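The values are calculated or read from the model by the stated rules, or taken from the named source; none is laboratory data. Computed from a prediction, not measured in an experiment: that's the story for all the values here. Every residue, glycine among them, receives a Cβ derived from its backbone with ideal geometry; neighbour counts consider all protein chains shown. In case anyone asks, the SASA skips ligands and DNA or RNA and just uses the protein heavy atoms, side chains included. Shrake-Rupley method; radii C 1.70, N 1.55, O 1.52, S 1.80 Å.
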Amino acid sequence: MGSTAITLEDARTLDRSDPFPHRRQSFCLPDGVIYLDGNSLGALPIATPGIVADTVQGQWGRSLINSWNDHDWIGAPARIGDKIASLIGAHPGEVIVADSTSVNLFKLLTALVQMNSDRRDVVTEMGNFPTDLHIADGVAKMFGKRLVAVPSNQIVEAIGPDTATIVLCHVHYRTAFRHDIKSVTERARAVGARVIWDLSHSIGAVPLDLHADGVELAVGCGYKYLNGGPGAPAFLYIARDLQPEMISPIRGWMGHANPFAFDDAYVPAPGIDRFLAGTPPILSLAALEAGVDLMLEVDQHALFGKSQRLFQMFADLMAARCPDFALISPDRAEHRGSHIGFAHPQASAIMNALIAQGVIGDFRAPDVLRFGLTPLYIRFEDIWQAVDILAGIMASGTWRLAQHAEIKRVT
Ligand SMILES: Cc1ncc(COP(=O)(O)O)c(C=O)c1O
């Protein structure tokens, strides 16, 4: 795409060949807002309020506690887990929905470190999403291990005979850099170590095929590209062969082989549900399932294909109209996820000014403007308009007025 030549009409022409022409209508998107933050909190699917209302009134209200059986509340973590499994190239019975990504990471990492107790190192990436670093550091300290945090391009060399386990985000939350999941996993296996992949920025964003890539362990978010709602439950994946060896450090009753026997002694469930802890959050699960069901209708390769075109247009327009911003995301599609980041020394104030004009992206300290590319509901026209508004903010200097506004948002 020629950079200076992209017009609003060009963008609209691209929208007319959208592979998902009607998908945008499946989401509630307020008028006057260009939502480029679906990689942080996905938009609300139109179906969700009705599904949650039915779970509350129709199920909880009418069937009360019988709903655990009558409406299969008890099966929700595994049922939604199986749906997620089919999105990421895992098998039924290998994914369970529970807790938050942070807690799931803690559970998997602790189990793994205990299995590999003769090894010293937990390897991770410097500048990873903080929760991954904090959890890895905490678990390493609990078990007398050494945390080895290295830059992204030194991960492979850092994995060696002393490595007990590796914790990595598949797609980096700031830059969108995507690790080569297969080669890192193979390197780990070659030295007898295992990787836990955090798929928070890849599920529903880039095609995943965990079995083909040899991946054995993963966690990920429900509230980003899966559109499961604020604080939606997260998921964890353990390849079937590994499940019998892995014991959750949180021995809750829901992970028991027979929770309703109310035994004093803990016996882990035979399968992935041993990684459940407490009672599943049914209302949140109902919202998550609505988001997952939507995502299941979409071909993940076509989705990422559109994401690539959105990215390219964004990058080209920025180079032409906002040359003071430095692209920090990889320009090759196979090396990135589905967001785009630009560095600018005044990024915070500029993002505040953008949000004030209805373009919702994210600021990531110290100097990054981050924009989520969610092809189900973002149009090419939205990208064009967003860059046009940004160019206007820069030309008029209105961002200076937003310098002291403080906007706090989660993740
Ligand atoms: C890569 C990554 N991992 C984990 C999390 C946080 O997960 P949770 O809040 O479910 O613990 C985030 C949140 O943005 C994230 O970007």
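Things worth noting here:
- With only the Cα atoms considered, segment 74-296 has a convex hull volume of 108 Å³ per residue.
- Of the residues Leu369, Ile96, Phe20, the one whose Cα sits farthest towards the positive end of the charge dipole of the chain is Leu369 (charges of +1 on Lys and Arg Cβ, -1 on Asp and Glu Cβ, taken about the Cα centre).
- The convex hull defined by the C-alpha atoms of segment 6-62 has an orientation-averaged projected area of 5.8 nm².
- Whole-percent pair-distance distribution, where bins are 10 Å wide, for the alpha carbons of segment 36-83: 24, 37, 30, 9, 0
- The calculated FRET efficiency for the pair Asp388 and Leu242, based on their C-beta separation and a Förster distance of 51 Å, comes to about 0.50.
- Between Val148 and Val122, Val123, Thr124, the built amide H atoms are under 5 Å apart, and every one of these is 5 or more places off in sequence or on another chain.
- Distant-in-sequence amide H partners of Ala98 (H built 1.01 Å from N, under 5 Å): Ala234, Phe235, Leu236
- 0 to 90° range, to nearest 10: angle between helix 130-142 axis and the chain longest Cα axis: 30 degrees
- Our summary of shape: the Cα atoms of segment 288-365 have principal axis extents of 40, 28, 20 Å, ordered from largest down, in whole angstrom.
- Multiplying each eigenvalue of the alpha-carbon gyration tensor of the chain by 5 and taking the square root yields semi-axes of 37, 27, 18 Å, largest first, rounded to whole angstroms.
- Charged side chains reduced to their Cβ positions (Lys and Arg at +1, Asp and Glu at -1) give segment 74-296 a dipole of some 300 debye around its Cα centre.
- Relative to the longest principal axis of the Cα atoms of the chain, the long axis of helix 76-88 lies at roughly 60 degrees.
- When Rg and the Kirkwood radius Rh are both evaluated on Cα atoms of segment 181-261, their ratio Rg/Rh stands at 1.03.
- Dipole in debye (nearest 20) - the chain, about Cα centre, beta carbon charges: Lys, Arg +1; Asp, Glu -1: 540 debye
- Helix 380-396 axis, angle to the chain major axis (alpha carbon atoms, nearest 10°): 60 degrees
- Based on protein heavy atoms only, segment 74-296 ends up with 36 Å² per residue of surface accessible to a 1.4 Å probe.
- With a Förster radius of 25 Å applied to the beta-carbon distance between Val33 and Asp367, the computed FRET efficiency rounds to 0.50.
- Theoretical FRET efficiency, 1/(1+(r/R0)^6), r = Cβ-Cβ of Asp331 and Arg16, R0 30 Å, to 0.05: 0.70
- Taking 0.36 nm per residue of separation and subtracting the current Cα-Cα distance, fully stretching the chain between Lys141 and Leu296 would add 51.8 nm.
- Top positive-direction residue, dipole computed over segment 74-296 with Cβ charges, set Leu108, Leu208, Thr279: Leu108
- Among Ala257, Leu217, Ala76 the positive-end extreme of the charge dipole of segment 74-296 (Cβ point charges): Leu217
- Sulfur and carbon atoms: percent of accessible area, the chain [1.4 Å]: 55 percent
- Extended-chain gain in nm, criterion 0.36 nm per residue less alpha-carbon gap, Ala320 and Arg400: 26.6 nm
- Mean separation of Cα contacts under 8 Å, 6 or more apart, over the residue count of segment 74-296: relative contact order %: 24 percent
- On the principal axes of its alpha carbon atoms, segment 24-139 extends 53, 44, 26 Å, with the longest extent given first.
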